[in-house]
Each structure stands twice: as C-alpha cells, then as structure tokens.
1. Would the range 35-53 turn up any residue that is without any contact (Cβ under 8 Å) to a residue 40 or more places away in the chain, part of a helix (DSSP H, G or I) and out of contact with any helix residue (DSSP H, G or I) (no Cβ under 9 Å at 6 or more places or on another chain)?
2. Yes or no: I13 assigned to a helix (DSSP H, G or I), in contact with a helix residue (DSSP H, G or I) (Cβ under 7 Å, 6 or more places away or on another chain), surrounded by 16 or more Cβ atoms within 10 Å (Cβ to Cβ) and in contact (Cβ under 8 Å) with a residue 40 or more places away in the chain?
3. Go through the range 54-79 and report how many residues are crowded, with 16+ Cβ neighbours inside 10 Å and assigned to a helix (DSSP H, G or I).
4. Within the range 55-80, work out how many residues are within 10 Å of A17 (Cα to Cα), in contact (Cβ under 8 Å) with a residue 24 or more places away in the chain and of a type outside the set (A, V, I, L, M).
5. Among the residues of the range 18-34, write down those that are exposed (fewer than 15 other Cβ atoms within 10 Å of the Cβ) and in contact (Cβ under 8 Å) with a residue 40 or more places away in the chain.
6. If you go through the range 17-32, how many residues are more than 17 Å from L69 (Cβ to Cβ) and of a type in the set (A, V, I, L, M)?
7. Confirm whether R21 is at pLDDT below 95, of a type in the set (D, E, K, R) and either in contact with a helix residue (DSSP H, G or I) (Cβ under 9 Å, 6 or more places away or on another chain) or part of a helix (DSSP H, G or I) (or both).
Amino acid sequence: MGILPFMQKIEIIFGNAVRKRRNELGLSQEDFADKAGVHRTYVSSIELGKVQVSIRIAAQLAEALELPLSELWRDIEQQQATSRKR
C-alpha cells in the first residue's frame with residue numbers, strides 16, 4: 001500500500017477516534033466544541049474525516065476528551081492495525 005491511501009484514511013480514523021471518545025463522555029458535538037475551543041461545524045468535519053487537523057488542534061481535542069494526546073494516537077494506531085487486517 002502506498003502512502004497516499006494511508007494518508008486519505010488517517011483523517012477518517014482520527015475522526016472516528018474523536019467521535020468514539022466524545023460519545024463515551026456523553027458530550028454533544030456542541031458541548032465538546034465549546035470545551036475544545038473550536039466551532040461545532042469544525043468538530044463535525046473532523047469526525048467525518050473531511051479536514052486535516054493541526055497538532056495544536058489535536059492537542060486541544062485530546063485535552064477536551066480528557067486524554068493525553070498519546071492515548072488518542074494509540075487509539076488511532078489500533079484502528080489502523082485493525083483496518084489493515086481486513
């Protein structure tokens with residue numbers, strides 16, 4: 001597999017990890033957006049994998065998700081490993 005297909009998937013995998021944790025915390029997109037300091041429509045775009053997120057925004061999201069950024073990346077790596085096995 002080349003780098004381009006992987007890079008196209010990473011936004012979707014990142015968005016899925018954010019959505020999963022947000023739901024675990026029982027937060028609406030609007031409440032989560034307020035907590036993370038971003039706009040609700042941006043959260044929607046992130047969760048749908050439509051945008052590339054900067055490291056700064058990723059850190060803000062992780063903090064709002066009450067996770068260290070490393071744990072959020074660990075979740076993403078686990079999802080990638082699972083998707084590669086399919």
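The values are calculated or read from the model by the stated rules, or taken from the named source; none is laboratory data. Since we're looking at a predicted model, the values are computed, not measured. Note that we place each Cβ from the backbone using ideal geometry, even for glycine, and neighbour counts take in every protein chain shown.
1. No, because not a single residue in the range 35-53 is without any contact (Cβ under 8 Å) to a residue 40 or more places away in the chain, part of a helix (DSSP H, G or I) and out of contact with any helix residue (DSSP H, G or I) (no Cβ under 9 Å at 6 or more places or on another chain).
2. Against the criterion (assigned to a helix (DSSP H, G or I), in contact with a helix residue (DSSP H, G or I) (Cβ under 7 Å, 6 or more places away or on another chain), surrounded by 16 or more Cβ atoms within 10 Å (Cβ to Cβ) and in contact (Cβ under 8 Å) with a residue 40 or more places away in the chain), I13 qualifies.
3. Of the residues in the range 54-79, 10 are crowded, with 16+ Cβ neighbours inside 10 Å and assigned to a helix (DSSP H, G or I).
4. 2
5. Those that are exposed (fewer than 15 other Cβ atoms within 10 Å of the Cβ) and in contact (Cβ under 8 Å) with a residue 40 or more places away in the chain: K20, L25.
6. Number satisfying all stated conditions: 1.
7. No, not satisfied.
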